[in-house]
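These notes are about the structure you will find just below.
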Amino acid sequence: MGEIKSYKDLLIWQKGIKIVCLVYQLVKSFPQEELYALSSQIKRASVSIPSNIAEGYGRNTDKSFSHFLDISRGSLFEIETQLLIANELGFITSKTLYTEILSQIEEESKMINAFSKTLKN
């Protein structure tokens, strides 16, 4: 990739946006009574991933950026846990989309880990 001029150039931010879109697509089929419960929590956690990456980038120090990457990684694990719960409760209707999100979460986690290591070195 070329020079990074904005947080939008970061692949970890781009993948974060993709996860948000997939999550919103998945929770559309959740029961109506979950609209303000698990569904809302999953959506908020997903939005937190690219948001924290952008905020960390904007802080302009590697230490601060690393801290916000840690928060993003925590949100990934939060979403993964919430999706596992939703699946156990029978809220997941698209197993294909569910599997895709879990795969994206795993890949994003690895990417954030690698990026974070470069900031700390």
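The values are calculated or read from the model by the stated rules, or taken from the named source; none is laboratory data. Computed from a prediction, not measured in an experiment: that's the story for all the values here. Every residue, glycine as well, gets a Cβ built from its backbone with ideal geometry; the counts of neighbours run over all protein chains shown. Side chains included, ligands, DNA and RNA excluded: accessible areas come from the protein's heavy atoms. Shrake-Rupley method; radii C 1.70, N 1.55, O 1.52, S 1.80 Å.
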Computed ³J(HN,Hα) along segment 30-37: with the Karplus parameters 6.51/-1.76/1.60, θ = phi - 60°, integer Hz and x for glycine or proline, the list is 5, x, 4, 5, 8, 4, 9, 10
May I ask you to derive the relative contact order of segment 1-95, considering only C-alpha pairs under 8 Å and at least 6 residues apart, and to give it as an integer percent? 31
Which value in Å does the Kirkwood hydrodynamic radius of segment 29-82 take, with 1/r averaged over all unlike C-alpha pairs and then inverted? 11.8
For the chain, modelled as a Gaussian network with Cα springs under 10 Å, which listed residue fluctuates most, Tyr98, Tyr36, Tyr24? Tyr36
With a 1.4 Å probe and all protein chains left in place, how much accessible area per residue does segment 19-121 have, in Å²? 54
Compute the FRET efficiency between Leu84 and Lys28 as 1/(1 + (r/R0)^6), taking r as their Cβ-Cβ distance and R0 = 22 Å, and round to the nearest 0.05. 0.70
Estimated distance in nm for a label pair at Ser109 and Asp70, the labels positioned 7 Å out from Cα along Cα-to-Cβ: 1.8
Among Leu69, Leu26, Leu84, whose mean-square fluctuation peaks in a Gaussian network model of the chain (Cα, cutoff 10 Å)? Leu84
How large a share of the accessible area of segment 19-119, in percent, is made up of carbon and sulfur atoms when the probe is 1.4 Å and the other protein chains stay in place? 55
Taking Rh as the Kirkwood radius computed over alpha-carbon pairs of the chain and applying Stokes-Einstein at 4 °C with viscosity 1.567 mPa s, one gets a diffusion coefficient in µm² s⁻¹ of 88
